[in-house]
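Structure first, commentary second.
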Amino acid sequence: MKKVSKQNIREFFEQLGNRYPKQATLYLLGGSALILLGSARETLDIDYVGDDVHKNEFQIAIEKIANELGLDTEAVPIEHFIPLPEGHEQRKIHIGQYGKVNVYVMDPYSIALSKLDRGSDRDLDDLVFLIRHSQVNMDDLEQILKTALSRAGKFDFHPDILAHLQELKTRLLKQT
């Protein structure tokens, strides 16, 4: 599969909107979401919120169209990995309507929490981008993390998530 550009993503939305006949909502996360928010990072797939095991009709259409365009997609059942923060529905970012399909970038704080949990270099760079571009406020992210950790028994958070938070703060200080 090829690297995914903003143009590829928009073409995918157009095709999906032209060909999927029912009302649907697509929530993006990962690199493709960040690209739509203005990041220059590269990505190899279009991550979206969905069941990664039992695909529904909409997801089957997503995969078919993506394959025809030479793009890779990945369904991510995000609610199984992190507790979705309070207010996540109100913070989604509307990208556009394509036919009957509404496309959103998922709540930036949900994206940030999942990236903080994984804590890879790329994830931390993505978090710096979200904070520097006013999509995420550091104080609010820390509060969301604190609330999430209080519910950690239901989720398998990385044992070093607090170290990831400290590394993020260090990166932010280095770039000021």
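A few remarks follow.
- Failed item, numbered, when residue 125 is tested on (1) more than 30 Å from residue 19 (Cα to Cα); (2) in a helix (DSSP H, G or I); (3) open to solvent by less than 50 Å² (accessible area, probe 1.4 Å): (3)
- Residue that is nearest to residue 11 (Cα to Cα) [pool: residues in the stretch 29-49 that are open to solvent by less than 30 Å² (accessible area, probe 1.4 Å) and not in a helix (DSSP H, G or I)]: 46
- Hey, residue 23 modelled with pLDDT of 95 or more and in contact with a Lys or Arg (Cβ under 6 Å, 6 or more places away or on another chain) or not: yes
- Meets criteria (part of a helix (DSSP H, G or I) and under 30 Å from residue 143 (Cα atoms)) for residue 52: no
- Residue match in the stretch 67-83 (condition: acidic (Asp, Glu), crowded, with 22+ Cβ neighbours inside 10 Å and not in a helix (DSSP H, G or I)): no
- Test: residue in the stretch 163-176 that is farther than 14 Å from residue 117 by Cα, open to solvent by 30 Å² or more (accessible area, probe 1.4 Å) and β-branched (Val, Ile, Thr): yes
- Taking the criterion of being more than 14 Å from residue 66 (Cβ to Cβ) and of a type in the set (Phe, Trp, Tyr), the only residue of the stretch 1-43 that qualifies is 27.
- Some residue of the stretch 52-71 being within 30 Å of residue 150 (Cα to Cα), of a type outside the set (Gly, Ala, Ser) and under 16 Å from the mean Cα position of the chain (by Cα): yes
- Test for residue 10: is it open to solvent by 50 Å² or more (accessible area, probe 1.4 Å), at pLDDT 95 or above, within 13 Å of the chain's Cα centre (by Cα) and not hydroxyl-bearing (Ser, Thr, Tyr): no
The values are calculated or read from the model by the stated rules, or taken from the named source; none is laboratory data. Just so you know, these numbers come straight off a predicted model, no measurement behind them. Virtual Cβ from ideal backbone geometry, glycine too; neighbours counted across all protein chains shown. Areas reflect the complete protein model, heavy atoms only, side chains present, ligands, DNA and RNA absent. Shrake-Rupley method; radii C 1.70, N 1.55, O 1.52, S 1.80 Å.
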